[in-house]
Amino acid sequence: MAPYQPKSDPKWLVALTLAVALTVPFLFPVLILLSMPLAEPSGGGVTLALRWLGNVLGTDLSGPVAHDVGTAVVLLLIAFLFINFGAIFSGICVWWERRIAGRMQSRIGPNRQGLGGFLVWVADAVKFLLKEDLVPAEADSLLFRIAPYFVLTGFALTFVVLPFGHSVVMADLNVGVFYITSVTALVVVGILISGWSSNSKWALFGGMRSAAQVVSYEIPAGLAVFVPVLMAGSLSMQDIIRAQGAAPWDWFIFRNPAALVAFFVLFTSQLAEANRTPFDLPEAESELVAGYLSEYSGFRFALFFMSEFGNIWVMSALATTLFFGGWQVPGMPAAAISALKGTGAWWGWQLVSMAVFAVKTLLLANVVIWLRWTLPRIRIDQMMTLSWKYLVPIGFVCLIFTLFWQLGVGAAPGLELASGVALSVGALFVVIAFFRRVFKNVTDVRGDAIDLSNW
Amino acid sequence: MADRAELWIFLLFAIPLVIAAAGVVAARNPVNAAMSLVAAFFFLAGIYVLLVAHLVAFLQILVYAGAIMVVFLFVIMLLQLHDQDMQDAKLKAMQWGGIIGASGVLTVVALAIQQAGEIHWKAVPESFGTVKAVGMLLFTQYLLPFEATSLLLLVAIVGAVVVAKQRI
């Protein structure tokens, strides 16, 4: 038999699709970056914009009321951009996840709409918008209608403190990390209410499971978050990033052995809080139809899914901030950054820092997607055991170890560097082993050709 | 200028807060009452943020709107109260007691505000309401009440375990 010949080799189309998929969601952070001067509370951006607008319209807009209204408009505009980033990111993430799922299960996946099926997420969104918005006759109609907005608000509020780059952060709150853990509490309330108000046993079971799961996993997540907080001495997201360096051995994850463990505790807990497989018990298709989503259709269903996939970004960005050095770029210490201020290179630096942050976050997001298609769903008792008997005690041990570690670092500052170098070299070996394995698997299957004809 | 914007933001939080709080009392369905309470907690947190007490605001959301309300909703949903049960309770007496108590509190607060006269607001230091400032107070000036509260919570947890274990 003749060796297998791919029908076509659309390398360039694949590259183009991937480039578009990577660019489109990040147009929004770039727009936010451009509107940042307007949002400066003392920068006078709003005053300048109003003066320009007043000249165009031929009226005087320098009054205080116009200033207040102008500020409110700018803030609404930025909030609009952030929510759109969440929506577009989750849309493209759905496509990307379906393509990965196809590859991992040896099938093709959606490849019809647009190049590489890229437009399937637009088609999905249009379909959701056009579908009928059904409210079950016996449901509590007010709560049923309002529940998706609780979930959406809990998701969207996190963008207030999530950094996108060196200066692209809406409010660098003093309580940053803590703010994220508290506003995501709204998601649980939304899920519980959607489960109850549907007046369906599947939805109720799903809502109950989800609430139990999220409340349980909030504790190990909170404990794990406190490890980098202790190391940085601050809860502010930007301060935590500034306390780290650009090189891997300067990242918190490697600077302290307990932080490495805490990262895995946090990552597992966040998977559970976001209802991702292997913790997707609340919407387990094989047992509960679709859990709390069973009765939803159309736009409200889309809101739930948008938050769920957008949460992949939120959890990855949080882990990047806390453990992987955020937007730090090699060769750019704080002094070099402040020297750039006021020059054209300042904007270039902002873009570079945003790109670094986005790449780290997307790599983590990919791991989240891989896990979904690799691991089976766990049972509810295993889920509870994992949280209360393993993750919570491990979290406490990490916290107390870090307290002593910080004392040790105070006495011998070389300790952090030693741990950082040792652990990052170890991590490098793991990554190399991973790529060797992947390479071996690819060559075992089909020599050295990667078939893109069905992409 | 800042005062006027502050007033607008205050009204933005205060009016819905009062409406939501009234909803907690007026709602017939306990789940609706609980949801109004969640909304009230959020608007209250907004007012805390306006007072530059960020830590208190988000602690409040995390503990009340997050953990405690989820437990409330769990209990309400599991108990499945019916209208019949609600009427059996001595609701009328409780309502009258509530009205008298609420109007008493309102009178005291109104009188206190009236007697305080004109208030001269002091500017708070930069560190006000930060995690560090609250922590310093908690672990120096208010250490005893803090430790007493944690002991109380420990007793509550042990009590809950004892009660639950009896049934298992």
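So for chain B, averaging the separation of alpha carbon pairs under 8 Å that are six or more residues apart and normalising by length, what relative contact order in percent results?
For chain B, the relative contact order is 17 percent.
So if R0 is 30 Å, what FRET efficiency would A:GLN406 and A:TRP346 give, r being the distance between their Cβ atoms, rounded to the nearest 0.05? The computed FRET efficiency comes out at 0.30. The alpha-carbon of A:LYS389 sits under 22 angstrom from the alpha-carbons of these lysines, leaving out residues fewer than 8 places away in its chain: B:LYS165. Here the simple spin-label model places points 7 Å from the Cα toward Cβ, and for A:THR59 and A:VAL367 these points are separated by 5.4 nm. Taking the inverse of the mean 1/r over every pair of distinct Cα atoms in the protein assembly as shown gives a Kirkwood hydrodynamic radius of 27.3 Å. Comparing B:VAL24, B:VAL105, B:VAL124 in a Gaussian network model of chain B (Cα springs below 10 Å), the most mobile by mean-square fluctuation is B:VAL105. Where in the range A:232-263 does the label zone of B:PHE139 land, with the point 7 angstrom along Cα→C-beta and an amide N cut-off under 16 Å? Only A:232-235 fall inside the zone, counting backbone N under 16 Å. Given +1 at the Cβ of Lys and Arg, -1 at the Cβ of Asp and Glu and no other charges, the dipole of the range A:210-333 around its Cα centre is 500 debye to the nearest 20.
Mean residue ellipticity at 222 nm from the helices of chain B, using -39,500 (n - 2.57) per DSSP H segment of n ≥ 4 over the full residue count, to the nearest 500 deg cm²/dmol?
Mean residue ellipticity at 222 nm (helix-derived): -25500 deg cm²/dmol.
Span-like helix criteria (full DSSP H runs; alpha carbon extent of at least 27 Å along the helix axis; mean Kyte-Doolittle hydropathy of at least 1.6) are satisfied in chain B by B:2-26, B:30-50. For chain A, the membrane-span-like helix rule (DSSP H, alpha carbon extent of at least 27 Å along the helix axis, mean Kyte-Doolittle at least 1.0) picks out A:64-104, A:201-232, A:298-323, A:345-372, A:392-411, A:414-446; this says nothing about an actual membrane.
Just checking the output field for B:68-77: average partner chain Cβ neighbours within 10 Å of each residue's Cβ?
4
With r defined as the distance between the Cβ atoms of B:ALA112 and A:LYS11 and R0 fixed at 56 Å, what FRET efficiency is calculated, to the nearest 0.05?
Numbers: r = 77 Å, r/R0 = 1.37.
The formula returns an efficiency of 0.15 here.
Pairs over the 27 Å Cα-Cα cut-off, from the set A:LYS131/A:LYS201; A:LYS11/A:LYS360; A:LYS341/B:LYS132: A:LYS341/B:LYS132. Shielding value for A:186-198 is 4, the average number of Cβ atoms from other chains within 10 Å of each residue's Cβ. Protection proxy ranking, highest mean first, for peptides A:132-139, A:98-105, A:147-154: A:147-154, A:98-105, A:132-139, where packing is the per-residue count of other beta-carbon atoms within 10 Å, averaged. In plain terms, the residue of A:ARG145, A:ARG436 with the fewest other Cβ atoms within 10 Å comes first and the most crowded comes last, giving A:ARG436, A:ARG145.
Summarised in one figure, the compactness ratio Rg/Rh of the range B:1-89, Cα atoms and Kirkwood Rh, is 1.10. Of the residues A:SER197, A:ALA212, A:SER353, the one whose Cα sits farthest toward the positive end of the charge dipole of chain A, with +1 on the Cβ of Lys and Arg and -1 on the Cβ of Asp and Glu, is A:SER353. What FRET efficiency would be calculated for the residue pair A:MET104, A:ILE432, taking the C-beta separation as r and a Förster radius of 25 Å, to the nearest 0.05? Efficiency, from the Cβ-Cβ distance: 0.70.
Below 8 Å, C-alpha to C-alpha, sequence gap of six or more: please give me the relative contact order for chain A in percent.
In percent, rounded to a whole number, it is 20.
With contacts taken as Cα pairs under 8 Å and at least 6 residues apart, the range A:79-183 reaches a relative contact order of 17 percent.
Evaluate the charge dipole of the protein assembly as shown about its Cα centre and quote only its size in Debye, nearest 20, assuming +1 on the Cβ of each Lys and Arg and -1 on the Cβ of each Asp and Glu.
Numbers: 35 positive and 34 negative charges, 264 e Å.
The calculated dipole for the protein assembly as shown is roughly 1260 debye.
By the helix-only formula, in which each DSSP H run with n ≥ 4 contributes -39500 (n - 2.57) and the sum is divided by residues, chain A has a 222 nm mean residue ellipticity of -23000 deg cm²/dmol. The charge dipole of the range A:319-425, taken about its Cα centre with unit charges on the Cβ atoms of Lys, Arg (+1), Asp and Glu (-1) only, comes to about 320 debye. Using a simple spin-label model with pseudo-atoms 7 Å out from Cα toward Cβ, B:LEU152 and A:VAL69 lie 5.0 nm apart.
All of the numbers you see were taken from the coordinates with simple rules; none came from a lab. Values in this document were obtained by computation on a predicted structure and should not be read as measured data. Glycine gets a Cβ as well: all are built from the backbone with ideal geometry, and neighbour counts include every protein chain shown.
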